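Here's the structure, in structure tokens; my notes come after.
The values are calculated or read from the model by the stated rules, or taken from the named source; none is laboratory data. Because the structure is predicted, anything quoted here is derived from the model rather than measured. Neighbour counts are summed over all protein chains in view; Cβ atoms, including those assigned to glycine, are modelled from backbone coordinates with ideal geometry.
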Amino acid sequence: MINRRHIRIKVMQTIYAMQQNSSDLMDSNEKFLMYSIENIRDLYLLMLSSLIEIQKQEGNFLEVSSRKHLATAQERTPNKKFINNHVLQLLVNSNQLNEMIHQEKINHFEVNDHYIKNLLDEIKKSDIYKKYMINNRNTFEEDRELVSYIFTEIVAPSEKIYEFLEDTKLTWIDDIPLVNTAIQKELKQIKEDTVEYRVAKIYKDMEDKEFARQLFRKTMLNAKELSLAYYDKTKNWDIDRIAELDAILLNMSVCELLKFPSIPVKVTINEYLEIAKEYSTPKSSIFINGILDALVKEYKQEDKLNKVGRGLIE
């Protein structure tokens with residue numbers, strides 16, 4: 001689920017927090033870094049649970065309505081097409097998903113069910129839901145299209161859900177787009193013969209997990225050496241007035257150039273320029289690009305770029 005750019009962002013945020021708190025406790029801050037990454041799973045489970053709770057909420061509503069003393073004919077025999085939706089049923093009946101939701105105590109939307117009621121109201125107002133409910137056809141593709149629409153167009157962009165997540169755990173704010181994109185992709189890829197909805201892994205592989213740990217450690221342990229590497233490249237900039245985030249991003253990028261042999265030079269530069277554009281000042285990417293460009297030329301001349309594999313230096 002998590003990609004390397006997001007890992008870099010998490011490392012950047014951890015280092016920034018360390019500096020803001022004047023902390024030099026490597027072990028505790030490394031634990032915070034790994035914990036903040038692992039917490040992405042809880043957000044992922046929470047967002048998936050919204051679909052489960054939507055299905056349960058509607059199921060309960062239909063059940064209660066059918067038992068009313070003066071229930072109408074429609075209430076006694078309601079249209080259950082939505083609650084019987086194949087994709088929703090996959091989520092509701094997934095042993096792995098529900099076991100993890102239970103283990104991690106992901107009951108936020110169960111306790112705060114007014115958020116689910118609001119989402120359900122929006123769903124029922126949508127044209128795609130209305131067309132779905134009056135359509136006598138009942139195909140898997142139609143079911144998948146509806147659930148994908150509900151999550152992409154109603155749940156994910158909900159401002160109320162965003163505010164709730166922000167209030168629940170501040171570290172989730174930067175993780176929301178990553179998680180929502182992962183779920184959207186998963187929903188679209190569900191096949192008709194899928195038996196069990198499988199929960200996504202946080203890391204693609206153990207190399208990515210180790211990358212997070214090593215990038216943090218190597219950047220912090222070599223901070224002085226890394227900052228000296230570009231000190232003479234800032235003649236047109238006041239070194240003391242360089243944005244703190246820019247200095248962190250430079251240290252991380254120089255660390256990657258020198259101490260991560262398997263990462264191509266272009267990848268390192270492009271990744272940190274994109275992060276700078278998103279998180280730092282308007283001029284940061286230009287500033288960082290200029291320094292990295294000069295450093296890479298220098299490192300090539302001095303044969304300092306010990307990259308392993310073809311094409312990694314270019």
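Residues in the range 121-134: is at least one assigned to a loop (DSSP other than H, G, I, E, B) and surrounded by 14 or more Cβ atoms within 10 Å (Cβ to Cβ)? Checked against the condition, which is being assigned to a loop (DSSP other than H, G, I, E, B) and surrounded by 14 or more Cβ atoms within 10 Å (Cβ to Cβ), the range 121-134 yields at least one hit.
The set of residues in the range 236-264 being at pLDDT 95 or above and hydroxyl-bearing (Ser, Thr, Tyr) consists of Ser253 alone. Considering only the range 264-285, I want to know if a residue exists there that is more than 27 Å from the chain's Cα centre (by Cα), within 16 Å of Phe211 (Cβ to Cβ) and not in a helix (DSSP H, G or I). Among the residues of the range 264-285, not one is more than 27 Å from the chain's Cα centre (by Cα), within 16 Å of Phe211 (Cβ to Cβ) and not in a helix (DSSP H, G or I), which makes the answer no. Does Ser66 satisfy the condition of being on the phi > 0 side of the Ramachandran plot, without any contact (Cβ under 8 Å) to a residue 24 or more places away in the chain and more than 24 Å from the chain's Cα centre (by Cα)? So Ser66 does not fit the description; no. None of Glu145, Glu166, Glu153, Glu196 is farther than 26 Å from Leu33 by Cβ, surrounded by fewer than 18 Cβ atoms within 10 Å (Cβ to Cβ) and without any contact (Cβ under 8 Å) to a residue 24 or more places away in the chain except Glu145.
Check the range 5-24 and report whether any residue there is among the hydroxyl-bearing types (Ser, Thr, Tyr), more than 23 Å from Leu249 (Cβ to Cβ) and either at pLDDT below 95 or buried (at least 16 other Cβ atoms within 10 Å of the Cβ) (or both). Scanning the range 5-24, I find no residue that is among the hydroxyl-bearing types (Ser, Thr, Tyr), more than 23 Å from Leu249 (Cβ to Cβ) and either at pLDDT below 95 or buried (at least 16 other Cβ atoms within 10 Å of the Cβ) (or both), so the answer is no.
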